[in-house]
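Let me begin by presenting the structure, written as structure tokens, before commenting on it.
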Amino acid sequence: MAARFVFAEHRRRFIQRHTALRELLGRYCGMAPSEIQLAHGSHGRPWVSNACGAVDFSLSHSGDWAALALSTDSWVGIDLERFDGTGWQALVPTTMTAAEQRQLAATPPALRAGRFFAHWTAKEAFMKLNGLGMSLAPDSIEVVPGAEADRGCDIAVALNHPAGLAIARASLTRIEAPAELSCTLATALPPGVLTVTRWPPQPSLRVSPYLA
């Protein structure tokens, strides 16, 4: 698949990401990385198609950065996005619910871009968790702050139930990343103790409650 990229830099990133993915899946599955066989669902969600027990994974990338989530306890979805302070405002009406837009308007102006992309990565992670991709409209998902959500944790809620929707409510965990990046993990379970490391191995990234 790497051969489809026109630019060498894009091929290099693709190879690095998927080498890391296969190495980590191999550890979970007790296989050599070359033995891992991947398949894709109708909306592109990848999964391990040969004998590997109950391991689920999600991969996202932006530039030189990548985020990978693996779990044997829950389906997972992760999204990583690079953001800046321009252009996002035009997306607000079609990607955020009325309640989210009110929250955004109440956010100090200097923090609004970060808040928007935190919501965006939460929704993308929810889409990946369900394996529906952009066939699930962003404004059909609502991010509910912890004080208003079940058990006090932040959740994403599907406002309708399109065909193929398996998980209508997901727990959200915000992964702290460099200042120009936003990263959110969605799981089918309440937030627990997570271990998040960079690849190649470097000091661990921190995990915090979503939008804290």
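The values are calculated or read from the model by the stated rules, or taken from the named source; none is laboratory data. Treat the numbers as computed from the prediction; the structure is a model and nothing was measured. Please note: Cβ atoms are built from the backbone with ideal geometry, for glycine as well, and neighbour counts cover all protein chains shown.
Values as computed for the structure displayed
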{"item": "Near pairs, Cβ below 8 angstrom, 6+ apart or cross-chain, from the range 142-158 (more than 19 Å from GLU124 (Cα to Cα) and at pLDDT below 65) to any residue that is of a type in the set (Gly, Ala, Ser) and outside any strand (DSSP E or B)", "result": "GLY152/GLY146"}
{"item": "Selected residue (criterion: farthest from the chain's Cα centre (by Cα)) from residues of the range 45-61 that are part of a loop (DSSP other than H, G, I, E, B) and surrounded by 12 or more Cβ atoms within 10 Å (Cβ to Cβ)", "result": "CYS52"}
{"item": "HIS161 being over 30 Å from GLU23 (Cα atoms) and not in a helix (DSSP H, G or I)", "result": "yes"}
{"item": "Per-region count, the range 104-131, residues outside any helix (DSSP H, G or I) and over 28 Å from PHE57 (Cα atoms)", "result": "3"}
{"item": "Failed item, numbered, when ASP64 is tested on (1) under 24 Å from THR19 (Cβ atoms); (2) surrounded by 15 or more Cβ atoms within 10 Å (Cβ to Cβ); (3) of a type in the set (D, E, K, R)", "result": "(2)"}
{"item": "Those residues of the range 164-189 which are β-branched (Val, Ile, Thr) and either loosely packed, with under 14 Cβ neighbours inside 10 Å or outside any strand (DSSP E or B) (or both), in sequence order", "result": "ILE167"}
{"item": "Any pair with Cβ under 6 angstrom, 6 or more apart, that starts in the range 173-198 at a residue that is closer than 15 Å to LEU70 by Cβ and modelled with pLDDT of 85 or more and ends at one that is part of a strand (DSSP E or B) and among the hydroxyl-bearing types (Ser, Thr, Tyr)", "result": "LEU185/THR173; THR187/SER171"}
{"item": "Contacts under 9 angstrom Cβ, first residue in the range 36-48 being in contact (Cβ under 8 Å) with a residue 60 or more places away in the chain, partner part of a strand (DSSP E or B), 6 or more apart", "result": "GLY41/TRP47; ARG45/SER58; ARG45/GLY77"}
